[in-house]
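Structure first, commentary second.
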Amino acid sequence: MNIPFHRAYITDEEIDAVADAIRSGWLTMGPKTVEFEQKFRDYIYAGSGVTAAEQHAVSFNSATAALHLALKAIGLKAGDEVILPTNTFIATAEVVTYFGATPVLCDIEDDTHNLDVRSLASKITDRTRAVLPVHFAGQPCDMDEIMELGRRHGLKVIEDAAHSLPSSYKDRRIGTIGDITCFSFYATKTLATGEGGMATTRNEQYARTMRVNRLHGISRDAWDRYTVKGSWYYEVVDNGNKYNTTDLNAALGLAQLAKLEWMNERRASIALQYTLAFRGTAVEPPVVRRDRETCWHLYVVKVKNRDEVSDRLREDGIGTSVHFIPVHKHPYYRDTYGYRDVDYPVANRVFDRSLSLPIYPGLTDSEVDRIIEKILRHAR
Ligand SMILES: Cc1ncc(COP(=O)(O)O)c(C=O)c1O
């Protein structure tokens, strides 16, 4: 591909940061992880009005791990139901199944591709324990309405923010609104550490549960045990998981966090270039509501001849992708939970026409121009 769908934006700053971490001799979770959690927490909660004592950030080796332990922290049990949009990566549904709970899918909005609050409300039963809104492509969901539904029905709100760092809803940064918010640092994300994730919460008990369970349910991190202040003694207080991050990933994360705002400005300017070029053409640009800001993790257009456009662009050396094959269409989930295509008409329509275009800080203006020229030639 001359223009791949994604290219990680890694410079000597990241390479030097990781080399320093390796030279330090502390390879796993340690001082760099602590620093990354602190700086990430400060970044998310800056200007939020949340008191310092209520600001928590817990790192993981993926967003999937963060979502899993977020659901554990709220006490999800077998037989419970959790509502999530069908337009998401499978991880959002998968974590619910770890508990023997049921992922209940709702339909989405035709313009934002985010969950449709009316569809969500219609799926609430007396077994519903939580809602998992996914801020698709970076654009926040209708958080006021979702939080209000949560309050009225006693549901916890765990935000899947894998796409939305940094995004904001009515001037509130994503990460400060729901009960727990889970971010991803997977290779293609707006902040990339290869693999990684972070959960933010204002609830100290949730933070403690996630912290303990990310390392086998051990009462103290290895970092506490092996430093001069530490002691060899520890206790296992829960049946945890091995979900901790490493100082190598954290060092990469710190270097990326320092340039996150700049990287995001570049994404926004590429998105603007695309949107101006696509207005009034056969390529339908994404819609962003006025009261929220997206970080443009993805730029998803709609075209009638999606498969043909994708094939032609590949022949032109331009990589694209599709987000997402809806959860209800995956054979395992369809067969296990009995999802039916007819129940998700909007998601099906959106899926048939959606195409994700390259958008990343290292994409040049002339590459963007070339993508625009080619897609306008192929779209009907
Ligand atoms: C919406 C969504 N949720 C969750 C995940 C899982 O993230 P991770 O790969 O960090 O586990 C992804 C990953 O792409 C995602 O797109």
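Under the condition of being open to solvent by less than 10 Å² (accessible area, probe 1.4 Å) and part of a strand (DSSP E or B), which residue from segment 86-135 is nearest to the ligand (Cβ to nearest atom)? Per the criteria, the residue is Val134. Mind listing whichever residues of segment 195-217 are near the ligand (Cβ under 10 Å from one of its atoms) and surrounded by fewer than 19 Cβ atoms within 10 Å (Cβ to Cβ)? Glu195, the sole residue that qualifies.
Entry remark, segment 338-367: residues being touching a strand residue (DSSP E or B) at 6+ places or on another chain (Cβ under 9 Å) and open to solvent by less than 20 Å² (accessible area, probe 1.4 Å) number 10 in total.
For the criterion of being in contact (Cβ under 8 Å) with a residue 24 or more places away in the chain and surrounded by fewer than 16 Cβ atoms within 10 Å (Cβ to Cβ), Asp179 fails.
When each of Val18, Val50 is tested for being away from the ligand (no atom under 16 Å from the Cβ), under 15 Å from Ala250 (Cβ atoms) and either modelled with pLDDT of 95 or more or touching a Gly at 6+ places or on another chain (Cβ under 7 Å) (or both), the lone residue that passes is Val18. Restricting Val58, Val50 to residues that are surrounded by 24 or more Cβ atoms within 10 Å (Cβ to Cβ), on the phi < 0 side of the Ramachandran plot and either in contact (Cβ under 8 Å) with a residue 12 or more places away in the chain or not acidic (Asp, Glu) (or both) narrows the list to Val58.
Within segment 170-188, is even one residue more than 14 Å from the chain's Cα centre (by Cα), more than 28 Å from Pro31 (Cβ to Cβ) and outside any loop (DSSP other than H, G, I, E, B)? The answer is yes; a qualifying residue exists. Highlighted here are the helices (runs of 4 or more DSSP H) found entirely within segment 205-316 that include at least 1 residues which are touching a helix residue (DSSP H, G or I) at 6+ places or on another chain (Cβ under 6 Å) and touching a residue at least 12 places away in the same chain (Cβ under 8 Å): 247-258, 260-278, 306-315. Considering only segment 64-84, state which residues are in contact with an Asp or Glu (Cβ under 9 Å, 6 or more places away or on another chain), within 9 Å of the ligand (Cβ to nearest atom) and open to solvent by less than 10 Å² (accessible area, probe 1.4 Å). Selection gives Leu67 alone. For first residues located in segment 154-169 and farther than 15 Å from Val131 by Cα, partners that are among the acidic types (Asp, Glu) and assigned to a loop (DSSP other than H, G, I, E, B) and lie 6+ apart or on another chain with Cβ distances below 6 Å do not occur. Look at Pro331 and say whether it is open to solvent by 40 Å² or more (accessible area, probe 1.4 Å) and more than 16 Å from Glu284 (Cα to Cα). It is true that Pro331 is open to solvent by 40 Å² or more (accessible area, probe 1.4 Å) and more than 16 Å from Glu284 (Cα to Cα). No other residue among Arg208, Arg152 is within 24 Å of Ala53 (Cβ to Cβ) and modelled with pLDDT of 95 or more apart from Arg208. Every condition in (1) away from the ligand (no atom under 11 Å from the Cβ); (2) under 22 Å from the mean Cα position of the chain (by Cα) holds for Ala161 except the one numbered (1).
The values are calculated or read from the model by the stated rules, or taken from the named source; none is laboratory data. All values reported here derive from a predicted model rather than from experimental measurement. All Cβ positions, glycine included, derive from the backbone under ideal geometry; neighbour counts span all protein chains shown. Just so you know, the surface numbers come from the protein's heavy atoms only, side chains and all, with ligands and any DNA or RNA stripped out. Shrake-Rupley method; radii C 1.70, N 1.55, O 1.52, S 1.80 Å.
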